[in-house]
Structure formats: C-alpha cells, structure tokens
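Rule-based calculations on the coordinates, nothing more; no lab input. This structure is a prediction, so every number in the text was calculated from the model and none was measured. Cβ: placed from backbone, ideal geometry, glycine included. Neighbour counts: every protein chain shown.
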C-alpha cells in the first residue's frame, strides 16, 4: 500500500512513517519542517537531539533496507499539494501536518488565527486535491479527543443517535473544544464529513488522546531515528513534562485541582492504530471516526503515578497545584468510548511503572539539555500572553507582545 | 446605542444600517467593498443600480438628518479591526461581512478556501479585538439556517437537550452544512461559542433563512438608497431569481424535484430582527442562537406562488425542473423552530401575492439590466466548475479554470 505521511517530521509523524515502512508499505514522507522553526520562535527544543530529515531518511534505509520518499511541502500551498497527490497517487494519506499545540494557539491573536488558517487550509487543500486527483484515496486525519470537551454525557465515537420529539437521526457528536487549536480540529472534522457526504471521499478521523512515551520498535534501532520529546509549557504533553520536572528536582505542577480527566495512549499504540485504520479503509462516501486512546486518567492521578514509579527507586517527588492558566472544568464527568480500534485488533499497552521508568531514564540521559525556563511557560487562556508576570521565558513574553 | 454594521455595503447590511440609524442609533458603517469586486470577477451585477457608498451616505444624511459613520476596512486586516473597535467602542457589532454565496464557494478549490479563510479569519479578528478592546460589546453575527442542513428531527435554535445512557446535557445542535460556504458559518458558530465560554463575550448568532424582497421603509426614501438585488446563479436568492426568469419570459428553473424546504423571511423582517437582537443583549458569557426566518416553503412551492401571483394579472409562467447542480436531499423532513425572535416582539410579514407583485414590478422597471447569461450560471457541487458544458457564462467558466 502506498501511504503518504503528512507531518512526517513531527513527534508522531516520524515514528508512524517508520512503522508503516517497516511493515512493508511504500511510504512517502511529507513535511514543511515548520515545527523546527516554531521551536526557534518559542525558544523551545526537543529534549532528545533529533537528526535532520536527510540523516533520518538515510539512516532508516541503512538500518532497514526500506526507502522512504521525501517531499518538503507546505500544505497551504495548493499547487504543491496537487502535484504531490497527482504524481504519487497514494492509496492512503495519513495527515498529522497541523499546528498541534493548544497553548501556542492562545499566545496571541496572531497565533490563534495562524493556527486556524494553517490547519483548516492545509486539510481543505488535501481534501480538494484528493477529490480532483485521487478520489479513491483514503484520508486518515488526526483529530483530537479535545474536540469533545467534557460533556455531561458519554462521549461516543464521532456520531450520536438522537431521539427528539418522537423522531430519530444519527448526527455528528456535538463538540465543545477548549482552545483555538482544538477548534481548528473541529472545523477540520466538519470539512471531512462534508467531503465524504458531497464528494464521496473516504475518510477516517482519529480523535486521539494525549500520547506519552518516546520509543517505538523502529525509533529504537539507532540514535538518528529517535523522535522528538517535548516537555515545555507549549509543546510538551503532561506526562513528559512531569518526568522532566521530577528529573530536575522541581515539583510536578498540576493545573488547578487536577481532576481534569483525559484519554491517554502509548506512542506504540499510536503507530499501530494508524496502520489498523489504513488496512481497513471505509467505503466511498463514508466518514468514520475512531476515538484513539486506551486509558483515562486525571492529570492529578497521572502525577501520582509518576510519584509512585519514582518512589520504587527511592526517588522523592513533590506535587504542587498551581493556578490553572487554562479555562476548563477541574471536576467533571468523563466517560469516552474507544471500542472501534480494539475491534480492529488493537492490543493496547497500558501505562505501567516500567513505561514511566523508561521515560524517566530518557530524561536522565538528556538532563543537561533541559531548558528550565520553558517548562512552565504557560499561556493565559483568558487574555493571551504569558501567565507569569515575571517572564520566565523571554522568547515567549516577546512573542505574546506583552511587557515582561 | 452605538452600533457598528460590518458589511454595510451588502444586500442586507445597507438596509440594516439605515434602519438602525432611522431608529436613532449611532451607526458606524464598515465594509471592504469587496462585493462589488466579486461582481466584476463573476460577470454578475445587481439588477437595481446601486449608488456608491459616498453617495449613499450623503443621501441618507440629506433625507433623514442622521449621519452614519464610514470606515473602509477588510476584516482580515487585524490591525485595522483593532483600531476600529478601540476607537469606536461600539455597544453592539452587527456582522454581515462575509462571503455569503454557497455557489461561489464551490466554483473551484481557490474559491472554497478563500471563502473559509475570509469568513473565519474576519470573525476571529472581530472576536479577538472585542475581547481585547471592548469586552462588553454585544457581537451580533449573521449565521444561516443552512448550517443545520436537513436533519430527520426538529431543528432547535442553536442548542439541543440530549438524554443519553441515563445522563443529560444541553449541547450545540449538530450541524450538517451543504457547501463550503455553509461550513464556514459552522466554523464561525463554534468560534463564537468558544469566545463566550472562555472569554466571557456576549454574542447572538442569527441563523437566517433565505431573504426575499428589495425594499424597506428607509431604502424606499430615494433611488440612491435602494439596496442591491441579486438574481443570478451565484448571488441570487431563489424568489428573486424566479421573478427575473418570469420577467424575461424564461421558465422558472426548479433544481431537481423541488421538495427542498427552507426557511424564508422578508427583508423588512431582517432589519427588525437585527434591532430586536441589539436591544436585548445577552449576559456576559452567553452565546445565544436565534433562528431568523418566518415561514417554510419548498422551492417548488415558491415557484408555484410566483406563478399564482402572475396569473392574477393574466401573465403566463412556466415552471421547469432542471438537473440539480447541488448535492442535497430533494424530499425530506423539515421542521425548524423560530420562536425566540417572536418572543422579543417580531411581527412577521408573510409572503403575499402583493409582495411578489412588488418584486415583479421592481424587475420590470429594470428589465433592460438583466444579464441573461448569468441567471443559470450554476456551479457543479460535485466537481466545481460550470455545470453547463456549453458555458453560458464565459466569465464564470474562466474563473472555474475549465475549458468552455
């Protein structure tokens, strides 16, 4: 199967490209490399030193014998997307290529608008190009569980059956996203649904939870194949950030009460879910949504898991509750379905002390690279800008256009 | 009350600005004048000759004694929007300033992307600017009934109470929009809801039906105050198009079976609804949705009403069913609520033979201006481009980037 992986330079795009290549698929990697530029802009960096795309691709071929194609393309360039789709004729497209940080989208008005335009236009260009140049291609799009927010009813997988005034319909599940970034994914979901209804495309929307972990079978083969590891207040996901905080002897900072509950999954399950989706294409005209996570935790519960795993090695950990820079419910009902990928054969990795140990070890091995002033570079959800008037991250304070 | 009317050069924006001014409000008119440029691009034109904005404003002051402020601004220019909001400090903003044609959004990939970017970015810029410079300002945004599509259950006003697995929540009503334009309005609705939830803005989203008619009390005062009248296949609304077809002796073209049912309202009710919304601002943090229409008709039923009104004057009319260029259900359940504006005091004008007579008279008075090759410039919903291979509208055929 020929599969184009859009966003192949990212935290998950790169391991996905490797996994699909290892499994014998003909992979074409696509990225604008903007993520590396955003790091420069924000003063952030991957904890793990990542190789250039040229070195990554050469190393993969040397280690595996498989060749991955490569195109440096910005999806907002419609002509370049058309050329890509027309000439490569992929059977499936895996689309990770979006600005994927909620805090980034809330830094300033410019960052919010940039996020929505980048994500909506990139996805629209892909859909229109598939319609016109490869209409049977299966579009596999990364959405997020954050599109749903925290409703007071069970979260279904994309659609909900509604009985109302004695009549019935199956409708898109109503969304309540929590940031301008999450909104961009909701917009994408509606555009995807439309493309299937009106143009008979086939699409899978993977509403993914929060991913943790750093290593897959393929990235472990060589140091030049590792993927990025984000721990800072903009790009970092919560478990990774906790492990870095612990490693440098700072308290794990839990936003507010910490009852915020989300779906989580191991990076090894991400790459497997993508392949499962690709191997099971929907019919023409079908818009399919899978909730892609394996377990639910509260952010406080997750901090306690880190504390527990470290205690087993005699390491002390402090948990500190800090004012929540986001505007979100800190105590709420949360029960999200995630059955459909299991039905396709996913065998989940649960979050174990062993996995946390592994992340902690990765952090310890790179502790000299930790940029401490970026860990808590939290963005004020209400007004934009840096939440700490002291300005621990000068780059970010400048970005937000506010005084120190 | 100081009210900024964004999109004040448009079919409805202009009569709304006049109506609010006549009612004693301090009106600031804002427009980029792009609608006139789009006419040039599409080879379309208002049937009624409309005056320049400078002449309109001078004439209004001469006729009414009221002065309307004027700013030529593109809402995609964030700095200009900030300057406008910061310096005018409106109590309310009425936001009509979007690309509002479904067919235009389906001409080509470029037109679809342009529509979504223009509409989403313009609205985001307004919301962010209100947040930062006039947080108490009431944002009144024009949405469309087309956001809902044609679900098999009753259409509520923006929200629906859902019982699911023994639990309950009030959620955004699920949307099933039918074009890239309608999608842009759905995206806007989600951004508005977010701005109220997270930034405590106050917003009213007016999901408007299809407007008919040409004249309000204020536009009738002088020929330089009339508003535009669109009848072509891109910008025209269905009743206006039927009346033009009848006037030039062509059959009224009903798309497909004609069972497509929509909400309709008189232009005089539009301007009244806007004022009612402005006079009854929601609380801070409240996102409020009103369905703004007064009656439901099928497009075939509407054609038969035109036929009936003309027959009373001895005029013959032919109705012709043509292949539907859109992809939509031609027979479906449709029951949309529209109670909340009535509760605020709206006294609807029903669609009468008298009104149709008036539209027919307007057409007869301007029949020499009809550009016949634009009436059926229908766009293919499936592939983009002009649906008639013969290319009756050369400008449009060129736009869509396809051969004649």
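Note on chain B: helix-only mean residue ellipticity at 222 nm, from DSSP H runs of 4+ residues weighted -39500 (n - 2.57) and normalised by residue number, equals -11500 deg cm²/dmol. With label points defined 7 Å past Cα in the direction of Cβ, position residue B:328 shows copy-to-copy spacings of 3.9 nm, given to one decimal and shortest first.
Structure remark: mean-square fluctuation, Gaussian network model of chain B, C-alpha springs under 10 Å; the largest value among B:168, B:111, B:338 belongs to B:168. Taking label positions 7 Å along the Cα-Cβ direction at both residue B:1 and residue A:257, the computed distance is 3.7 nm, reported to one decimal. Of B:82, B:136, the sequence from fewest to most neighbouring Cβ atoms within 10 angstrom is B:136, B:82.
Given springs between every Cα pair under 10 Å in a Gaussian network model of chain A, which of A:160, A:85, A:319 has the largest fluctuation? The residue with the greatest mean-square fluctuation here is A:160.
The mean sequence separation of alpha-carbon pairs under 8 Å and at least six residues apart, normalised by the residue count of chain A, gives a relative contact order of 20 percent.
Which whole-number percentage describes the relative contact order of region A:151-297, with Cα contacts under 8 Å and a sequence gap of 6 or more? The value is 33 percent. The distance from the alpha carbon centre of region A:1-63 to that of region B:90-108 is 39 Å, rounded to a whole number.
Name the shape class, rounded, prolate or oblate, that the alpha-carbon gyration tensor gives for region A:175-293, where a ≥ b ≥ c are the square roots of its eigenvalues, rounded holds for a/c under 1.5, and otherwise prolate holds if a/b is larger than b/c and oblate otherwise. Cα axes put region A:175-293 in the oblate bin. Taking packing as the residue-averaged number of other Cβ atoms within 10 angstrom, the listed peptides B:226-237, B:189-200, B:343-354 run from highest to lowest as B:226-237, B:189-200, B:343-354. Here region B:202-227 is scanned for amide nitrogen atoms under 16 Å from the site 7 Å beyond the Cα of residue B:51 along Cα-to-Cβ, giving B:216-227.
Counting from the shortest, the label point at residue A:49, 7 Å from Cα toward Cβ, is 7.5 nm from the same position in each remaining copy.
Sorted shortest first, the distances from the residue A:339 label point to those of the same residue in the other copies are 3.5 nm; each point sits 7 Å from Cα along Cα-to-Cβ.
With a ≥ b ≥ c taken as the square roots of the eigenvalues of the C-alpha gyration tensor of region A:197-259, please select rounded if a/c is under 1.5 and otherwise prolate if a/b is larger than b/c or oblate if it is not? Oblate shape, in that a/c is at least 1.5 and b/c is the bigger or equal ratio. Annotation for residue B:58 and residue A:220: the two label points, set 7 Å from Cα along the Cα-Cβ direction, are 8.0 nm apart. Averaged over the residues of peptide A:164-173, the number of Cβ atoms from other protein chains lying within 10 Å of each residue's Cβ is 5.
Take the alpha carbon gyration tensor of chain A, find the square roots of its eigenvalues, order them as a ≥ b ≥ c, and report rounded if a/c is under 1.5; if not, report prolate when a/b exceeds b/c, else oblate. Taking the square roots of the gyration eigenvalues as a ≥ b ≥ c, chain A is rounded.
Under the criterion of Cα pairs below 8 Å and six or more residues apart, the relative contact order for region B:252-337 equals 56 percent. Considering only A:211, A:322, A:238, the mean-square fluctuation computed in a Gaussian network model of chain A, springs between alpha carbons under 10 angstrom, is largest for A:322.
What separates the Cα centres of region A:145-201 and region A:267-320 is a distance of 21 Å. Once the Cβ-Cβ distance of residue B:200 and residue A:284 is raised to the sixth power relative to R0 = 60 Å, the FRET efficiency obtained is 0.85. Residue of chain A with the smallest Cβ distance to the axis mapping A onto B, distance rounded to whole Å: A:187, 2. For residue A:41 and residue B:168, a Förster radius of 30 Å and the Cβ-Cβ distance give a FRET efficiency of 0.10, rounded to the nearest 0.05.
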